[in-house]
Amino acid sequence: MHVEIPRRAQIIRVIACDLARILSHLMAAGAMGMYVGELTVFVWTIREREKLYDIYDILTGARFTVSYMRIGGMAQDITTECITMIKSFLDGLSEATREIAAMLHKNRIFIERCEGIGIMPPDEAIDVGWTGPCLRASGIPYDLRRDQPYLIYPELDFKVITRTECDALARYFVRFDEVAESVKIIRQCLDKLQPGPIFAEDSKVVLPRKG
């Protein structure tokens, strides 16, 4: 049975999802840098992760949560304090990504240890069921947010980042560039956020609120 999620809840969901995308992509980049000899980058991404966990704590009530989104809406509304924290984080993130780029993108050791490594051609990527940034790094421009749109993603302006090199370096660059697209998405969502309900009133589908 379909339940219509209120618009404010849809926007908050997108914000939460793309904050999580930023976190996971940064940690992937940091771990990859560490594995090929650049521990400093991993420390920097841990620093940004802690900022995001502080935001999650205010947004959801916990630094790590899997229960913020509920059938029909959200567990709780986003606060003015949280919005301020998100904007501050996004404003500072460009400097953090510049640091990472300066450390890795022209680093001969990093490039030589990733370029041409782990080649996954498009047909093989599809055969083994690759998805997300790994699939897009193999030249397949497939993104559910655009190709099977949900929530308010059809209203948002963002690029589907794709690379054709099909190697480990391409998978790194797809994630790195998607961070900037997620920043664009979140900023658009914050601009669209208007007062309203965050939970559907549909007793046939949605559990009643605890109150």
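The numbers here are math on the coordinates, done by the rules we state, and not lab data. The structure displayed is predicted, hence computed values, not measured ones. In this analysis, Cβ positions are derived from the backbone assuming ideal geometry, glycine residues included, and neighbour counts consider all displayed protein chains.
Numbers at a glance
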| quantity | calculated |
| --- | --- |
| Contour excess over end-to-end distance, with Cα ends at Ala31 and Asp157 and 0.36 nm allotted per residue | 42.4 nm |
| Intensity falloff of region 70-171 expressed as log10 I(q)/I(0), Debye formula with alpha-carbon point scatterers, at q = 0.19, 0.22 Å⁻¹ | -1.08, -1.13 |
| Dipole magnitude (debye, nearest 20) for region 1-141, charges at Cβ of Lys, Arg, Asp, Glu | 220 |
| Residue of Ile15, Ile58, Ile86 that the Gaussian network model of the chain assigns the largest fluctuation, springs spanning Cα pairs under 10 Å | Ile58 |
| Cα Rg, Dmax (largest Cα-Cα span) when computed across the chain, Å | 18.7, 60 |
| Rough spin-label spacing in nm, given labels placed 7 Å along Cα→Cβ, for Thr164 and Val205 | 4.2 |
| Nearest-ten-degree value, helix 168-192 long axis tilted from longest Cα axis of the chain | 30 |
| Stokes-Einstein D (µm²/s) once Rh is taken as the Kirkwood radius of region 118-211 over alpha-carbon pairs, at 37 °C in 0.692 mPa s | 210 |
| Positive-pole candidate from Gly72, Leu90, Thr162, dipole of region 54-211, charges at beta carbon | Gly72 |
| Label-point separation, Ile109 to Arg7 (7 Å along Cα→Cβ), nm | 5.3 |
| Degrees, to the nearest 10: 39-60 long Cα axis against longest axis of the chain | 10 |
| Relative contact order computed over region 4-108 (Cα-Cα under 8 Å; 6+ residues apart), in percent | 26 |
| Paramagnetic label zone (point 7 Å from Cα along Cα-to-C-beta, Arg47; backbone N under 16 Å) in region 88-111 | 89-104 |
| Estimated vicinal HN-Hα couplings, Hz - region 21-36 in sequence order (Karplus 6.51, -1.76, 1.60; Gly, Pro = x) | 5, 4, 4, 5, 5, 5, 5, 5, 5, x, 5, 5, x, 4, 5, 9 |
| The chain: most fluctuating residue of Ile126, Ile152, Ile161 per GNM, C-alpha cutoff 10 Å | Ile126 |
| Top of Leu59, Leu144, Leu93 by mean-square fluctuation, Gaussian network on the chain, Cα under 10 Å | Leu144 |
| Cβ-derived FRET efficiency at R0 41 Å, Asp54 paired with Glu124, nearest 0.05 | 0.50 |
| Among 43-54, 200-211, the order from most to least packed when residues are scored by Cβ within 10 Å on average | 43-54, 200-211 |
| Relative contact order (%) - criterion: Cα under 8 Å, at least six apart; region: the chain | 33 |
